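Here's the structure, in structure tokens; my notes come after.
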Amino acid sequence: MTCKLVLARQAAAMIALLGSLSLIGACSSASAQSIDCTGWGDSPLCDGAAVSCNQHGCDASGCDAFGCQDLGWYGSLKAGLTDNGITLSNNLTQYYFGTVSGGREQTGRYGGHGDYVANIDLGKMGIQEGLFVKIRAEHRFGESIGEAAGVLLPPTLATELPVADSRDLYLTNVLFTQFLSESFGIYAGKLDTLDGDANAYASGRGITQFSNVAFIANPIALRTIPYASLGCGFVIVSDGEPLLNFLVMNPTDTANSDGFDELFADGVALSTELRFPTRFGGKPGHQLFAGTWSSRDYVSLGQDPRVILPNIPITQADGSWSLYWNMDQALWVDPCHSDRHWGFFARAGLADDSANPINYLLSVGLGGASPVREGDSFGVGYYYSGTSDEVGPILAAVAGPIDDSQGVEMYYRSQITRSISVTPDFQWIDQARQNLDDVYLLGVRMNVQF
């Protein structure tokens with residue numbers, strides 16, 4: 001099938017989708033104007049007027065921009081569990097992405113990711129005050145567009161996780177956290193690391209914000225810190241947000257096993273992050289400084305689902321390290337709802353080039369809540385990835401000439417209902433593999449929260 005034909009078909013599908021979204025958005029906006037509650041019951045609006053949710057026929061379940069909230073049997077079950085210390089947060093995300101130009105082949109791929117999380121408050125259950133348990137199960141299905149695109153950094157990260165080339169369901173978190181005070185806690189168990197390198201506008205696990213791994217977490221840290229394994233550490237919390245996090249972890253990925261048989265057999269991995277809030281210009285922001293180190297001996301590139309690399313041998317490297325920084329700063333804050341804001345973000349990182357295929361990374365962009373429609377969000381970002389001078393030539397032996405890479409991603413996430421969102425997405429990637437043309441990706445993802 002020719003590139004022009006693929007482009008025409010995907011462009012037509014995208015136009016049809018955007019047309020549907022605009023109609024749904026118009027209906028939802030009208031609903032938002034008719035019911036503009038800032039809370040449940042009688043709630044003042046920002047202009048000083050008052051409105052009662054109950055005048056719209058709402059009961060104790062309340063109302064919001066999408067009208068009256070009918071919990072139903074499942075919502076009632078979740079509310080009952082929450083009252084008893086068990087909070088469920090589940091996401092099923094489907095992706096359809098296509099290479100309309102460049103890459104290895106012009107084609108489309110359908111894939112998805114299921115993410116099922118339970119947070120258990122054992123204090124509320126009357127067992128142990130301050131003790132929490134987090135359980136996460138994940139699986140992937142379908143196919144990823146990464147291989148067809150020919151890229152090194154996955155453009156749809158969630159479709160690669162938790163285990164490459166496997167559709168089974170895996171436990172990636174069984175984590176116990178005991179708070180010894182309101183601000184200090186210790187934790188141990190199996191955990192995943194994708195929520196590290198947090199950023200208000202560029203995190204989201206590839207589900208709610210950007211889809212490309214370059215805008216989800218700094219890729220230079222992925223070589224030293226595995227996706228999921230056994231570990232322990234401590235966290236200092238300030239105003240409900242982690243201020244300092246220190247982690248000691250098994251250096252090899254054990255997402256597909258319990259990990260006890262190989263615990264610290266290959267050394268140890270350390271990670272520390274300091275993230276503190278700022279108020280430049282009276283608007284919220286954050287600064288994050290972090291570093292990682294691993295004592296593991298690296299003898300091959302390995303198969304990490306967060307970076308698409310062949311499993312080929314490299315010159316043995318004794319350990320690896322990385323240093324990285326990120327920041328976010330709000331530029332606009334909704335005067336009615338302070339949790340709605342948009343702003344800019346930036347990332348930078350440096351790693352040793354003896355074991356890490358990515359030597360440095362820079363990224364910058366805009367993102368956050370849509371100022372046009374409540375519930376929606378958007379993002380546009382640019383990244384530049386520097387390839388290691390030592391690992392690059394080894395990779396070139398099987399993948400052809402290797403150079404630095406750069407890319408752009410743009411998305412708009414439209415919240416159709418409380419639980420369903422649809423996100424058109426465009427990406428341009430200047431390939432690290434120089435024998436492949438720049439790839440242009442068009443896609444859409446639909447997320448269902450339940």
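Any read-out appearing in this document is the output of simple, stated calculations on the displayed coordinates, not a laboratory observation. Everything numeric in this text was worked out from a predicted model, so none of it was measured. Because the Cβ atoms are built from the backbone with ideal geometry, glycine has one as well, and the counts that use them run over all protein chains shown.
Quick look at the numbers
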quantity	calculated
Most to least packed among 229-237, 305-313 [average Cβ atoms within 10 Å]	229-237, 305-313
For the stretch 159-240: rounded, prolate or oblate by the Cα gyration tensor [a/c cutoff 1.5]	oblate
Distant-in-sequence amide H partners of Leu301 (H built 1.01 Å from N, under 5 Å)	Ile312, Ile314
Long-range HN-HN contacts of Tyr110 with modeled amide H, under 5 Å	Glu143
FRET efficiency, 1/(1 + (r/R0)^6) with R0 22 Å, evaluated for Arg418 and Phe141 via beta carbons	0.35
Under 5 Å, built H, 5+ apart or other chain: amide partners of Arg104	Ala149, Gly150
Inter-label distance for Trp325 and Asp404, nm, one decimal - labels placed 7 Å from Cα along Cα-to-Cβ	1.8 nm
Centroid-to-centroid separation of the stretch 81-157 and the stretch 366-421 [C-alpha atoms, Å]	17 Å
Derived scalar couplings ³J(HN,Hα) [the stretch 384-401; Karplus, 6.51 cos²θ - 1.76 cosθ + 1.60; whole Hz; x for Gly, Pro]	10, 10, x, 7, 4, 6, 8, 7, x, x, 5, 5, 5, 5, 10, 10, x, x
Under Karplus coefficients 6.51, -1.76 and 1.60, residue-wise ³J(HN,Hα) of the stretch 444-450 in Hz, glycine/proline x	8, 10, 10, 10, 10, 9, 8
Protection proxy ranking, peptides 191-204, 213-226, 262-275, average beta carbon neighbours within 10 Å, highest first	213-226, 191-204, 262-275
Cut-off 14 Å (backbone N to label point 7 Å along Cα→Cβ of Phe184), residues of the stretch 212-237	234-237
Protection proxy ranking, peptides 320-332, 174-186, average beta carbon neighbours within 10 Å, highest first	320-332, 174-186
Karplus 3J(HN,Hα) series, Hz, for the stretch 163-171 with 6.51 cos²θ - 1.76 cosθ + 1.60 (x for Gly, Pro)	10, 4, 6, 9, 9, 6, 8, 10, 7
